[in-house]
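Reading through the structure tokens given below for one structure.
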Amino acid sequence: MEKLVSLCKRRGFMFQSSEIYGGVNGFWDYGPLGVELKRNIKDAWWRDMVTGHDDLAQLPGAPSAYEMTGLDCTIIMHPQVWKCSGHYDLFHDYMVDCRESKKRYRHDQIQGRWVEAKGKKIFATAGSDSESPEADIERQALKFFGMRSKNADELKWDGPLVSLTTVDDFEQVLGPDAKTLGTLTEPREFNLMFKTTLGALGGEADTAFLRPETAQGIFVNFKNVVDSSRVRVPFGIAQVGKSFRNEITPRNFTFRSREFEQMEIEFFCHPDSSSEWYTYWRERRFQWYQDMGLDKGKLILREHSPEELAHYSIGTADIEYAFPFLPEGEYGELEGIAHRGDFDLRSHMEGKLDPSTNPMTVELNADGKPKHRGSGKDLSYRDDISGERFVPHVIEPSAGADRAMLAFLCEAFTEDEAPDDKGNMQTRTVMKLHPRIAPIKAAIFPLVKKDGMPEMAQDIYRTLKKSWNVFYDEKGAVGRRYRRQDEAGTPFCITIDGESLQDQTVTIRHRDTLDQWRVKVDDLTEELRKQIG
């Protein structure tokens with residue numbers, strides 16, 4: 001990860017936000033290569049899920065044919081949206097503070113082990129940023145008991161590494177950065193939504209929130225989409241956009257950030273077929289990451305246990321990837337596919353559901369009526385053929401563009417050997433990104449800066465630029481130019497040499513295989529289109 005993070009800054013994939021002022025934790029800027037890569041990922045997702053979808057065909061595994069369309073909703077919405085969705089009351093993490101170190105931690109991200117020595121038993125811990133929690137916990141325990149490393153075998157461990165959530169008595173807990181016991185406070189709720197103020201007065205009535213997800217904008221526009229575009233259930237509404245969550249401990253590069261971009265689909269279907277659609281979208285989204293270049297051996301599709309399910313969820317599965325910053329055998333979430341039932345549309349209609357199925361707290365006014373009501377709008381759907389009226393069930397494939405980009409970068413980062421200009425083998429760093437998402441599709445090199453080669457190369461550059469993002473480079477030895485493009489993830493390099501001037505052919509070099517072949521200039525665009533896919 002250190003090499004990858006270094007490359008990302010050196011080559012302009014990502015920078016720390018406001019770096020010249022010391023940076024802001026949990027926020028990242030995308031550089032010239034990064035903005036292209038992220039845009040290509042979003043475009044590939046949108047093309048595969050929305051614009052490239054055949055509304056008339058029944059795809060393999062799908063219960064029936066279906067339609068797809070899109071939206072782009074505002075980041076700031078009516079505050080009532082978040083009350084009725086449950087976010088205002090339920091969208092929080094539990095946090096603990098350390099009275100000694102003055103640090104704050106997420107309750108469920110502190111890990112520890114019970115250990116005994118010198119007649120005393122404690123729960124030694126490590127924070128979420130620990131790369132080797134067991135080793136850090138051992139060092140912490142040795143320091144607490146005043147023991148040397150050579151006496152580590154005198155520590156008596158009781159049980160495996162477990163979460164702090166399993167511990168009831170904090171008086172026996174040694175905080176991750178503490179020297180004494182009992183310094184952690186009891187867990188308390190921390191709402192993850194960013195507050196802001198609308199208008200000039202700034203009173204309590206003017207409080208609004210930056211959206212923590214893009215989904216609610218789709219739900220409140222459900223009727224608008226049905227009425228304006230005449231789509232029929234089953235259909236999906238897609239949205240790509242920014243979301244904001246005030247994470248307590250952003251970490252692991254861009255994996256957990258406070259500002260991020262989501263690629264979400266809310267798929268509306270008949271309640272009787274919703275289980276089949278849930279299975280379909282799980283499998284389809286799992287396959288998409290493989291099609292875009294992720295190793296199937298590093299991916300899992302994990303169904304949530306009943307204890308993990310959100311209050312509205314009938315079923316949820318996570319697509320997870322073995323990120324290299326995680327311990328061996330652990331995976332991090334790329335995308336969640338949730339069967340949300342009819343919770344969202346009913347919540348925005350009624351403001352509350354049956355208390356036995358919806359734990360959302362409903363505040364009452366003095367007259368005993370709900371203070372936070374739904375819109376009162378009818379968000380049910382009437383089938384114009386059968387005449388049946390129902391509230392559709394929703395399947396939600398929700399992906400993170402930033403996490404997807406991080407996974408593709410981790411998968412692409414490779415070190416191998418390749419010959420230099422003199423034929424000597426040297427270690428090279430290469431980003432083996434899928435050609436569809438690579439920031440630069442091809443680089444055009446004149447072999448030397450004379451004899452008409454630059455002019456021919458520039459003509460080719462201008463022709464290809466009409467179709468793709470391509471790069472022109474005439475500086476330095478051609479081997480060094482290859483290396484620069486390998487680090488940028490450019491899949492193809494095109495070299496114009498003396499022979500090119502004679503027969504109007506150029507050499508294409510493949511980034512991954514190092515294969516080279518000649519192509520006529522007139523056939524170059526079609527050849528690249530075939531190679532990029």
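The values are calculated or read from the model by the stated rules, or taken from the named source; none is laboratory data. This one's a predicted model, so the numbers in the text were calculated from it and none came from an experiment. Glycine gets a Cβ as well: all are built from the backbone with ideal geometry, and neighbour counts include every protein chain shown.
Comparison of A124, A65 shows that the only residue that is among the aliphatic types (A, V, I, L, M) and either under 25 Å from the mean Cα position of the chain (by Cα) or farther than 24 Å from S274 by Cα (or both) is A124. Take the conditions modelled with pLDDT of 95 or more, in the same structural domain as R258 (by TED's automatic domain parsing), more than 30 Å from L7 (Cβ to Cβ) and among the acidic types (D, E) and apply them to E350. Does it pass? Spelling it out, it is not the case that E350 is modelled with pLDDT of 95 or more, in the same structural domain as R258 (by TED's automatic domain parsing), more than 30 Å from L7 (Cβ to Cβ) and among the acidic types (D, E).
The rows are residues; the columns are (1) buried (at least 17 other Cβ atoms within 10 Å of the Cβ); (2) part of a helix (DSSP H, G or I); (3) at pLDDT below 90.
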residue: D89; (1), (2), (3): yes, yes, yes
residue: D93; (1), (2), (3): yes, no, yes
residue: Y105; (1), (2), (3): yes, no, yes
residue: R113; (1), (2), (3): yes, no, no
residue: A124; (1), (2), (3): yes, no, no
residue: E131; (1), (2), (3): no, no, yes
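Within segment 144-173, the residues that satisfy the criterion of being touching a strand residue (DSSP E or B) at 6+ places or on another chain (Cβ under 9 Å), assigned to a helix (DSSP H, G or I) and among the hydrophobic types (A, V, I, L, M, F, W, C) are F144, F145, L164, F170.
Listed conditions (1) free of Cβ contacts under 8 Å to residues at least 24 places away in the same chain; (2) within 21 Å of A412 (Cα to Cα) are all met by A442, apart from (1). Mind listing whichever residues of segment 174-225 are in a loop (DSSP other than H, G, I, E, B) and small (G, A, S)? Of everything in segment 174-225, those that are in a loop (DSSP other than H, G, I, E, B) and small (G, A, S) turn out to be G175, A178, G182, G199, A200, G202, G203.
Return a yes/no flag: does segment 428-436 have any residue that is assigned to a loop (DSSP other than H, G, I, E, B), modelled with pLDDT under 95, on the phi < 0 side of the Ramachandran plot and of a type outside the set (S, T, Y).
No.
Taken over segment 60-87, the residue count meeting the criterion of being surrounded by fewer than 15 Cβ atoms within 10 Å (Cβ to Cβ) and either polar (S, T, N, Q) or within 22 Å of S375 (Cβ to Cβ) (or both) is 5.
In summary, A338 fulfils each of the numbered conditions (1) surrounded by fewer than 20 Cβ atoms within 10 Å (Cβ to Cβ); (2) touching a strand residue (DSSP E or B) at 6+ places or on another chain (Cβ under 6 Å); (3) modelled with pLDDT of 50 or more; (4) at negative phi with the single exception of condition (1). Restricting segment 493-511 to residues that are in contact with an Asp or Glu (Cβ under 9 Å, 6 or more places away or on another chain) and outside any strand (DSSP E or B), the residue that is surrounded by the most Cβ atoms within 10 Å (Cβ to Cβ) is R511. When we screen G489, G479, G376 for residues that are out of contact with any helix residue (DSSP H, G or I) (no Cβ under 9 Å at 6 or more places or on another chain) and either at pLDDT 95 or above or not aliphatic (A, V, I, L, M) (or both), the only hit is G479.
Just give me the residues in segment 457-476 being among the small types (G, A, S) and surrounded by fewer than 18 Cβ atoms within 10 Å (Cβ to Cβ), in sequence order. If the condition is that a residue be among the small types (G, A, S) and surrounded by fewer than 18 Cβ atoms within 10 Å (Cβ to Cβ), then S467, G476 are the ones that fit. Just so you know, in segment 436-456 the residues that are within 19 Å of K42 (Cα to Cα) and crowded, with 20+ Cβ neighbours inside 10 Å include one that is farthest from the chain's Cα centre (by Cα), and it is K441.
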